[in-house]
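Asks: Would you mind keeping the following structure in view while I ask a few things?
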Amino acid sequence: MSDLTQTMALEAQTSAPGKARKSLGLSDTVTGWLLSLPLTLVLFFFLVLPIVMIVIVSFWGATEFSIYPAFQFDNYEFLLTSPVTYSVFLNTIKYAVITWAITLVLGFTIAYFLAFHVRTLTWQIVLFLLCTIPFWTSNIIRMISWIPFLGRNGIANSALISMGVIDEPLEWLLFSDFSVILAFVHLYTLFMVVPIFNTMMRIDKSLIEAAYDNGATGFQTLTNVIIPLTKPGIMIGSIFVVTLVMGDFITVRFMSGSQKANVGRLISNDIALLQYPSAAATAVILLITVLIVIGILLRFVDIRKEL
């Protein structure tokens with residue numbers, strides 16, 4: 001009798017929400033929409049609506065002293081016919097591609113070491129937390145810390161001169177493409193490590209053992225088992241790094257000594273000059289470019305299916 005009583009009580013508990021919905025006259029479809037309504041409103045007001053406003057402002061006109069509502073293509077015509085725009089976009093893509101390649105190699109190596117060579121969970125947590133230590137300070141502080149290290153009389157040049165490797169300081173270490181990419185790699189490598197490490201930890205270790213049992217070498221196991229199963233993490237990390245680099249502007253400004261430019265700096269300069277329609281048009285073009293890049297990346301793997 002006790003088992004029958006427990007079963008009846010369990011059925012009553014599980015059927016109570018359904019009876020409550022029926023008593024209110026709500027179907028499962030309506031209930032689902034109501035549950036998703038708060039998140040939908042958040043996405044609408046904080047994502048969709050701002051983008052729509054930026055698109056609208058991008059068609060407005062501006063003078064040296066005022067901005068006036070209009071529907072014209074002057075901002076886009078100027079951007080798409082200016083050789084400076086194409087040069088800056090190519091420079092931005094160059095930064096994104098080089099940073100992506102370096103962070104992918106570093107991120108995959110670090111994640112592989114943590115996932116397959118660190119045996120205990122305690123040490124995995126400790127070493128992973130060490131990777132997050134730079135994030136305890138702001139991006140600007142981490143960028144500025146490279147300046148005394150890479151400067152003409154900095155630590156790097158002084159060490160190379162004292163070892164006899166060079167006779168005079170290297171000028172290209174600071175305020176150059178090298179310093180910009182170095183700062184990007186320093187800032188965004190962890191965004192590649194985290195998703196790759198998360199995906200590697202989900203790999204069934206018996207698959208790797210089966211590969212070794214069937215005579216596969218370490219390289220064959222890496223290329224035929226680990227990398228294919230890590231594709232979702234690689235794609236997520238790639239999206240993070242590419243979007244962050246293409247939207248960044250402060251890193252290029254500081255680490256290049258204002259000698260280099262990217263799309264983010266164009267937008268920042270227009271805002272400083274109160275040319276909001278031009279800045280909005282540039283932002284729209286940048287958004288389209290980023291979406292195209294993300295679309296290309298997602299062609300290689302279906303993240304939703306893999307996860």
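Since every read-out is calculated from the coordinates, none of them should be taken as a lab result. All figures in this text were calculated on a predicted structure; none of them were measured in a lab. Methodologically, a virtual Cβ is constructed for each residue, glycine included, from the backbone with ideal geometry; neighbour enumeration extends over all protein chains shown.
Asks: Mean residue ellipticity at 222 nm from the helices of the chain, using -39,500 (n - 2.57) per DSSP H segment of n ≥ 4 over the full residue count, to the nearest 500 deg cm²/dmol?
Replies: Details: 17 runs with 214 residues, N = 307.
So the calculated ellipticity at 222 nm is -22000 deg cm²/dmol.
Asks: Scan the chain and note any complete DSSP helix (H) whose C-alpha atoms cover at least 15 Å along its axis and whose Kyte-Doolittle average is 0.0 or more.
Replies: Working: long enough: 2-24 (33 Å, -0.53); 28-43 (23 Å, 1.37); 83-112 (43 Å, 1.29); 121-132 (17 Å, 1.95); 177-201 (35 Å, 1.62); 231-247 (24 Å, 1.66); 276-298 (32 Å, 2.43).
Qualifying helices: 28-43, 83-112, 121-132, 177-201, 231-247, 276-298.
Asks: While we're here: In nm, to one decimal, how far is the modelled label at I166 from the one at L47, with both set 7 Å along Cα→Cβ?
Replies: The modelled label-to-label distance comes out at 4.6 nm.
Asks: Please tell me the relative contact order of the stretch 183-307 in percent, rounded to the nearest whole number, where contacts are Cα pairs under 8 Å and at least six residues apart. The partial results should precede the final answer.
Replies: Details: 98 pairs, mean separation 32.5, N = 125.
Contact order relative to length: 26 percent.
Asks: What ranking do R265, R119, R152, R142 get, fewest neighbouring Cβ atoms within 10 angstrom at the top? Intermediate values should be presented prior to the final figure.
Replies: Working: R265 21, R119 8, R152 13, R142 16.
Ordered from fewest to most neighbouring Cβ atoms within 10 Å, R265, R119, R152, R142 come out as R119, R152, R142, R265.
Asks: Can you tell me the convex hull volume per residue for the chain, based on C-alpha atoms, in Å³ to the nearest whole number?
Replies: Details: hull volume 78.3 nm³, N = 307.
About 255 Å³ per residue, rounded to a whole number.
Asks: Could you let me know the centre-to-centre spacing of the stretch 164-180 and the stretch 246-273, using Cα atoms, in angstrom?
Replies: Their Cα centres are 22 Å away from one another.
Asks: Right, something else. Springs between alpha-carbon pairs under 10 angstrom, Gaussian network model over the chain: which of A216, A101, A183 fluctuates most?
Replies: Checking each option, the largest mean-square fluctuation is seen for A216.
Asks: Find the all-direction average of the projected area of the Cα convex hull for the stretch 145-223, expressing the result in square nanometres with one decimal place.
Replies: Working: hull surface 33.7 nm².
Across all orientations, the stretch 145-223 yields a mean hull projection of 8.4 nm².
Asks: Using r as the Cβ-Cβ distance of V126 and V97, and R0 as 41 Å, what FRET efficiency do you calculate, to the nearest 0.05?
Replies: Working: r = 33 Å, r/R0 = 0.82.
The formula returns an efficiency of 0.75 here.
Asks: Please report the spacing between the Cα centers of the stretch 69-144 and the stretch 190-211 in Å, no decimals.
Replies: Answer, in whole Å: 21.
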